[in-house]
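The values are calculated or read from the model by the stated rules, or taken from the named source; none is laboratory data. A quick note: this is a predicted structure, and the numbers were derived from the prediction, not measured. Because the Cβ atoms are built from the backbone with ideal geometry, glycine has one as well, and the counts that use them run over all protein chains shown.
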Amino acid sequence: MLEAKTREIRGRKTYELRGQRLVPAVVYGAGIDPKMLTIDRNEFVRLYQEEGESSLFDLVIDGKETLKVIIQDYQLDPLLNEVIHADFRVIDLTKPMEVDIELEFIGESPAVKALGGTLIKTRDFITIRCLPDRLPEKVEIDLSKLETLTDSVHVRDLHLPEGVEILDEADRTLVVISAPRSEEEMKALDEVATEIIPAEEKKESTEEKEGQA
């Protein structure tokens, strides 16, 4: 739950809100007219860290009206790295919604720890469709199942609750193990680097001479 207060469009300036650790926000979506709000910055950050960007939660306005919303977007101050604005979208609980769900990687891969492989994550979210009350909080990928240098995880390997449809292609790779380079490959890379560096030095020397002419 997150509490909010109605904000007049011609009310206090943004810098005045920041001084009180308040953040201007807007809520819009199914069945309502957009509303201008203020929220507590610390409470918003706490909620975001606990629930994530895609979770459904209660937004309580002026202690009276409760709306089911998700965090649609937020903006950060590029210098202070603080939240300066937030958008909330009201969700119709009777209609399926499409949303990106963050992937949570847990455990440690034996192929990395014991065989020296490199873990490569090709994506950190998937797109799903479901009714709001079936929206999962997170999707976990257990890295401990990646035991060999040829193991990988694809969308088709994920197991989500009943009623949750994954919209990404089943063959999309999410995690893969890259085998360590052999001595022959490392030697070949060293030889290429040895050839490239003198060539670059020769080019720089030629450019310097041309510049002095």
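General remarks:
- Within the range 122-161, the residues that satisfy the criterion of being surrounded by 13 or more Cβ atoms within 10 Å (Cβ to Cβ), part of a loop (DSSP other than H, G, I, E, B) and either among the acidic types (Asp, Glu) or outside the structural domain of ARG172 (by TED's automatic domain parsing) (or both) are GLU137, GLU147, ASP151.
- Test: residue in the range 80-88 that is surrounded by 14 or more Cβ atoms within 10 Å (Cβ to Cβ) and without any contact (Cβ under 8 Å) to a residue 40 or more places away in the chain: no
- Among (1) surrounded by 12 or more Cβ atoms within 10 Å (Cβ to Cβ); (2) modelled with pLDDT of 95 or more; (3) of a type in the set (D, E, K, R), the one test that GLU104 misses: (2)
- Being charged (D, E, K, R), under 27 Å from GLU165 (Cα atoms) and under 22 Å from the mean Cα position of the chain (by Cα) is a property that GLU51 has.
- Selection status of PRO110, within 30 Å of SER178 (Cα to Cα) and either free of Cβ contacts under 8 Å to residues at least 12 places away in the same chain or in the same structural domain as ASP157 (by TED's automatic domain parsing) (or both): yes
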